[in-house]
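Novice: Here it is, the structure in full.
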Amino acid sequence: MMHFKETDLPGIGRKYWLHTRSGEHLVIVVHNDERRDLFHMESGDQAEELGDMVSLVTLDDDEARAVAAIVGGMTYKPQFQNDREVMLEGLLIEWLRIEPHAACIGKTIGEMNIRQVTGVAILAAVDKEKEKQFNPGPEYVFTSGATIVVAGERDQLKQLKQWLTDGRM
């Protein structure tokens, strides 16, 4: 689940804080002089706790607007998704990362009844140490940071993401 907060910084500007699904934090400070500071922070011991700063980027107003257009998809919209769907006639293959606070961590494919509940097939799994497992069986245990390769229709994949993340649909 994505968490987002904003806070006024009297005399400075406004601070925006985003806790990403991957467990990292992005803190953006918009200064009254139109500068933007982007802080990439590690996750702390708790989900909403900030860890160490990984990087800092300072942008002026023009740079910030250019980055917003790029990230927002206004300058380039990837065509791979559309091409892939046409080629496979509705069947999508996606790579999903198991985020640090996902409900599925420590559970098996069998326990979660992935195929029966969502209709999605898990084609492969790659753990954080890059160990690969093709066509993992019901005994495969989901771990934080692993990536799974799945196949299904768009609605099924949406249900799977919710099921893995929250344990509910």
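Novice: May I ask you to evaluate 6.51 cos²θ - 1.76 cosθ + 1.60, the Karplus curve with θ = phi - 60°, for each residue of the stretch 100-116 and list the ³J(HN,Hα) values in order in whole Hz, giving x for glycine and proline?
Specialist: Once rounded to whole Hz, the list reads x, 10, 5, 5, 7, 4, x, 9, 9, 4, x, 4, 7, 6, 3, 5, 5.
Novice: Tell me, what is the per residue accessible area of the chain in Å², probe radius 1.4 Å? List each step's numbers first, then the result.
Specialist: Numbers: 10960 Å² over 169 residues.
Per residue, the chain has 65 Å² of solvent-accessible surface.
Novice: Still on this structure, I have one more. Run the dipole for the stretch 91-166 about the Cα centre, Lys and Arg Cβ at +1, Asp and Glu Cβ at -1, nothing else charged, and hand back the magnitude in debye, nearest 20.
Specialist: Working: 9 positive and 10 negative charges, 24 e Å.
Approximately 120 debye in magnitude.
Novice: Mind scanning LYS107/LYS132; LYS5/LYS161; LYS107/LYS161; LYS132/LYS158; LYS15/LYS161; LYS15/LYS130 and naming the pairs with a C-alpha gap bigger than 26 Å?
Specialist: Working: LYS107/LYS132 18 Å; LYS5/LYS161 23 Å; LYS107/LYS161 15 Å; LYS132/LYS158 24 Å; LYS15/LYS161 29 Å; LYS15/LYS130 37 Å.
Violating the 26 Å Cα-Cα cut-off are LYS15/LYS161; LYS15/LYS130.
Novice: OK, next. Between ALA124 and THR108, what is 0.36 nm times their sequence separation minus the Cα-Cα distance? Round to one decimal in nm.
Specialist: Working: separation 16, 0.36 × 16 = 5.76 nm, distance 1.39 nm.
This chain segment gains 4.4 nm when fully extended.
Novice: Could I ask something else about it? Would you be so kind as to identify which of SER55, GLY11, LEU26 lies farthest towards the positive end of the dipole of the chain, taking Lys and Arg as +1 and Asp and Glu as -1 on Cβ and the Cα centre as origin?
Specialist: Farthest towards the positive end: LEU26.
Novice: Something else about it: For ALA66 and HIS3, what is the calculated FRET efficiency with R₀ set at 25 Å and r taken between the beta-carbons, to the nearest 0.05?
Specialist: Details: r = 27 Å, r/R0 = 1.07.
Calculated value: 0.40.
Novice: With r as the distance between the Cβ atoms of VAL54 and ASN32 and R0 = 41 Å, compute the FRET efficiency 1/(1 + (r/R0)^6) and round to 0.05.
Specialist: Working: r = 26 Å, r/R0 = 0.64.
Taking R0 as 41 Å, the efficiency between ASN32 and VAL54 is 0.95.
Novice: Follow-up. Nearest 20 debye, what's the magnitude of the dipole of the chain about its Cα centre given +1 on Lys and Arg Cβ and -1 on Asp and Glu Cβ?
Specialist: Details: 19 positive and 28 negative charges, 114 e Å.
Its charge dipole is roughly 540 debye.
Novice: For the stretch 33-39, just list the computed ³J(HN,Hα) in residue order, Karplus coefficients 6.51, -1.76 and 1.60, θ = phi - 60°, integers in Hz, with x standing in for Gly and Pro.
Specialist: After applying 6.51 cos²θ - 1.76 cosθ + 1.60, I find 8, 6, 5, 10, 10, 10, 10 Hz.
Novice: Of the accessible area of the chain, with the probe set at 1.4 angstrom, what percent is carbon plus sulfur? Display every interim value, and only then the final one.
Specialist: On the way: 5900 of 10960 Å².
Its accessible area is 54 percent carbon and sulfur atoms.
Novice: Using mean Cβ contacts within 10 Å as the protection proxy, how do 113-120, 26-33 order, highest first? Don't skip to the answer; put the middle values down first.
Specialist: On the way: 113-120: 16.9, 26-33: 14.8.
Top to bottom by mean Cβ count within 10 Å: 113-120, 26-33.
Novice: So, one more: Taking Kirkwood radius over Cα pairs in Å as the quantity of interest, determine which of (i) 17.5; (ii) 18.4; (iii) 19.3 was computed from the displayed structure.
Specialist: (ii)
The values are calculated or read from the model by the stated rules, or taken from the named source; none is laboratory data. Fair warning: this is a prediction, and the values are worked out from it, not measured in the lab. Positions of Cβ are generated from backbone atoms using ideal geometry, with glycine treated the same way; all protein chains shown enter the neighbour counts. These accessible areas exclude ligands, DNA and RNA; they are computed on the full protein's heavy atoms, side chains included. Shrake-Rupley method; radii C 1.70, N 1.55, O 1.52, S 1.80 Å.
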